[in-house]
Every structure is written in C-alpha cells, then in structure tokens.
Amino acid sequence: MPASMIAAIRPDGAILNRLAGKSPDGRSLPFFGRPGGNLQQPPEVPMLYLPRGLDNSSGGQIHVDSDRWGPVKGKMVHLSFGAGRAFLLLRDEFDGWIQGAVIPIGGEFASGAHRGKFNPHDGQLYVSGMAGWGTYTTDDGCFQRVRYNGDKPQLPVGFHVHENGIRVDFLQPVKQDEVADPDSHFVQAWNYRYSGAYGSPEYSSRQLGLRGHDVLDVQSVSVLPGGKSLFLEIRNLQPVNQLHLLVATGREQEHDLFMSINHMDEAFRGFPSYQPIDKILLPHPMLADLARPVVSKRNPNNKAIADAKPVILKAAKNLMFDQTEIRLPAGQAVKLTFQNPDSVPHNWALLKPGTLQKVGEQCNRLISDPQAAAQHYIPSSSDILAYTNVVEPYAEHTIYFRVPSEPGRYPYLCTFPGHWMVMNGVLVVE
Ligand SMILES: [Cu+2]
C-alpha cells in the first residue's frame, strides 16, 4: 500500500470503485491488495488515502449513532493509531464510486487510538489505545473519552466532487462576502505510486515521476441556495490520490479536508459565474502505476549449488518464522526454500553474528526508500550473508548458500520494514 487507506465495502455485496469494469463472474469479492499470481485485473480503489503526516498507521472507524453528537450523527469517526488523533470521515457516493474526506478533530490521545464505541449511558465516544511499533504517541496504553460539549461549531459535514470543482456542505450558514475571495482558500494535489513497495513518496499529479505537490487555482467561490453549502470552482481538477482543500469560512475559521478524487460528477452549473469548460479527464492514477514495469535486482543466491541439503522454512502467523532456530554443520551447502502462506509479503536474510539490531534498524528505514522494493527490501550492508527475494503471499523462493565455516550463532530475520523485531531466528552453526 502506498499510504494508509480506508476502503469501503458495501454490505449488499455491490463492489464500489472498480477500475476494471465488471469482474468476470460479476460477484467476486472486492480486492484491495497488489495483484499477483493469477490476479491480473486491477484491484478496487480505496475510498481514500491518508497523508503520512496525518495518519501513518490507521486504527479503526466508528459510526456516529449517538444523539448526543447530534450535529454529526450519521457520519463516521476515523482513528489514527500512529498519530493518536481522530478525524471526522465524510463520504461522497455516486455512480458506483465512493470517495472520502477526513477532517482533523482537535485533541490527542495518549496512546495509539485503535477502537472506539459510543457509550449508551452518556452518548459520548470512548476510545482505547495501545502502543507498539510505528506510533508517535507517548503512553503504553490509554482509555479516553471524546466528549461533545454542546457548542455549535462550524464544520464541513459533506462534499461532492464535480468535473469543475467541489461542493462543500457546512453545519452552519456561510456568508458570500466571507468566502468570495478565491485567494483565501488553498488547494493542493499529489499522487502516490501504487506498486509492490511498502509506502510511497508523494508525486506531482501533473508531471510524471516528479516528486512534490501541485497547487490548484480556485477560480470562484459561491454560496449556494440554502446558505450552508459553497461551491469552489477548480477548473483543472483531475482524479488524484490525495487532495488537500483548505476552506476559509471567515476570519480564523479554516477547515482542512484531505480527500481522494476517484470519480467526478458532471460539471456543476448552479453558480452565477458558470462557464462551460473543455477539458480532457485523465485516467485514475492507479491505472498508470499498474502499467509500470517492475525491474528487480538479481539475487546472487539464485545460483544452484550441487548436492545442497534441502531446508524448508515458512512464514507463520503474527510476523513469525515457523522455526526460530535452525542447526546446520559449518560449511554445509544449503538449498533453502522459503514459503509464505501468510497474507503479507516476507523474506529471509542471514546475518553475521551480533548484527541483528543494527541491520534491523536499517530495514525499518527502508520504508522511505522508493527503490527498496526493487532490491527485495535488502539494505546495502556487508553484514548480510545470504537472502531470499521478498515472497508474495502464497508464493515461495529457493536460494542456495554455504553455511559459514566459523561455528557460532548467526541471526536471521525478515527485512520487510517493521517485521524484524519479532520475525527473526538464529542459525546455529555447529
Ligand atoms: Cu516479514
């Protein structure tokens, strides 16, 4: 996954956000992962991606079904495990597509926010959290309440994407003279790269391969009849993985919305300065990424050694190897087959004695390296003696190597970022 994401699955089985048209049998389950093996068709597009700076690791979502939270009843709350924050989650669904937007809610949790539930007694939200790897929060655990204090805040509570701009619906009325200046709002867009890699840099949506964000001009802003919705005319809007909309509804009243633009409704005409525009709609950015060839570095351990002793090692559940200790005689030629029956990719690398911590930390830093996938997530280090490729779910890879001639305890690990702390073991050379 290029970034944290929220995917939508309808309870009636209808599949949303399908890039590939109808599935061959018309009813297969939605699939959001990287296609491999015989799954050649593009996966479904997530409802929305979340910028890494906002939520590097997601917790869960909660339907707001409490009357005490009246103004936002019927919406959803999204929790971030990594950032210990909460967001209001809005949805825009039409034509078999759905896209989401999150709005940061104030306050922070003491630990990585995981699960929330509305308490029927006081109608408020209670959140439990814990820490582990990859959270910026401070405490080992937390149990905290998010209370609606009865204020009437100004908040975005809905949105709809058109080819020529975005309608944003607010809780309270907005005044035309307070929103009319296009320069008081800000819109930027960027894409992620959808690939076999874990995480993606942020790329320009206009210039292929260039890193960075694109600022989009706002041509006009109009308050719509009813007084609570405004339309931001953005003529060069295109499907993008991430759009950041900063809407100002008054002095010191700015609202950040982070959304994905998966699908656009036809041009909106219901505002005074409407002008028809002629533009070519770009394809969804994921389609371009799926067409990109993947070039991998050749693994030096692929070369067969005659009379090598076969050894089979498997990935187990919960980021473990099925064997945490393997014993082999010094100098033995080995044919190691690493099998991955797990649902996430893994690999195996053998290290020099005493280097597990050092190499493990290098592995975790690979998360920000766009070339890491092509190098099988193997950091460049002279402490690595042999390694398998990253093995996709339900696949395997066989390598050949010679057991070191020096007896000792040689650690092995999975170098996929975040796995090594538990996914390790030791080769005892006798
Ligand atoms: Cu792993």
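We did not get these values from a lab; they are worked out from the coordinates using the rules stated. Source: prediction; values computed, not measured. Cβ sites come from the backbone with ideal geometry, for glycine too, and all protein chains shown count toward neighbours.
Structure notes:
- Within the straight-line cut-off of under 20 Å between alpha carbons, the lysines reachable from Lys309 are Lys335, sequence neighbours fewer than 8 places apart in one chain being disregarded.
- Within straight-line reach of Lys175, meaning a Cα separation under 26 Å, sit the following lysines at least 8 residues removed in sequence or on another chain: Lys73, Lys75, Lys152, Lys228.
- Ellipticity estimate at 222 nm from DSSP helix runs (n ≥ 4, -39,500 (n - 2.57)) divided over the chain, nearest 500: -1000 deg cm²/dmol
- Choice from Asp383, Asp181, Asp95 with maximal GNM fluctuation in the chain (Cα, 10 Å cutoff): Asp95
- Across segment 27-161, Cα pairs under 8 Å and at least six residues apart give a relative contact order of 20 percent.
- Here the extension length gained between Asp217 and Asp12 equals 69.9 nm, from 0.36 nm per residue of separation less the Cα-Cα distance.
- Extension gain, Glu266 to Phe186: 0.36 nm times the residue separation minus the Cα-Cα distance gives 26.5 nm.
- Paramagnetic reach from Arg402 in segment 314-337 [backbone N under 13 Å; point 7 Å along Cα→Cβ]: 330-334
- Cα extents of segment 4-290 along the three principal axes, largest first (Å): 56, 54, 38
- On Cα atoms only, tilt of 356-365 relative to the major axis of the chain in degrees: 30 degrees
- Proximal aspartates and glutamates to Lys297, defined as alpha-carbon separation beneath 17 angstrom and excluding residues fewer than eight positions away on the same chain: Asp369, Glu392
- Residues Glu93 and Leu171, FRET efficiency given R0 of 25 Å [Cβ-Cβ distance, rounded to 0.05]: 0.80
- Proxy reagent accessibility, fewest Cβ within 10 Å first, across Cys142, Cys414, Cys363: Cys142, Cys363, Cys414
- Ranked for footprinting exposure by Cβ neighbours inside 10 Å, fewest first, His397, His160 give His160, His397.
- Over segment 111-237, the hull volume per residue, using the convex hull of the C-alpha atoms, is 190 Å³.
- Rounded FRET efficiency, nearest 0.05, which uses the C-beta distance separating Gln207 from Ala304 and R0 of 51 Å: 0.70
- The chain: relative contact order as a whole-number percent, Cα under 8 Å and 6+ apart: 12 percent
- Set against the 2.2 N^0.38 Å expectation for a compact globular protein, segment 103-166 has a Cα radius of gyration ratio of 1.48.
- Sequence ranges 219-232, 296-309, 325-338, ranked by mean other-Cβ count within 10 angstrom, highest first: 219-232, 325-338, 296-309
- Remark: relative contact order (segment 300-429) = 37 percent; criterion is Cα-Cα distance under 8 angstrom and separation of 6 or more residues.
- Model label sites at Asn236 and Ser381, defined 7 Å from Cα along the beta-carbon direction, differ in position by 4.4 nm.
- In segment 300-429, the ratio of gyration radius to Kirkwood radius, Rg to Rh, stands at 0.93 when only Cα atoms are counted.
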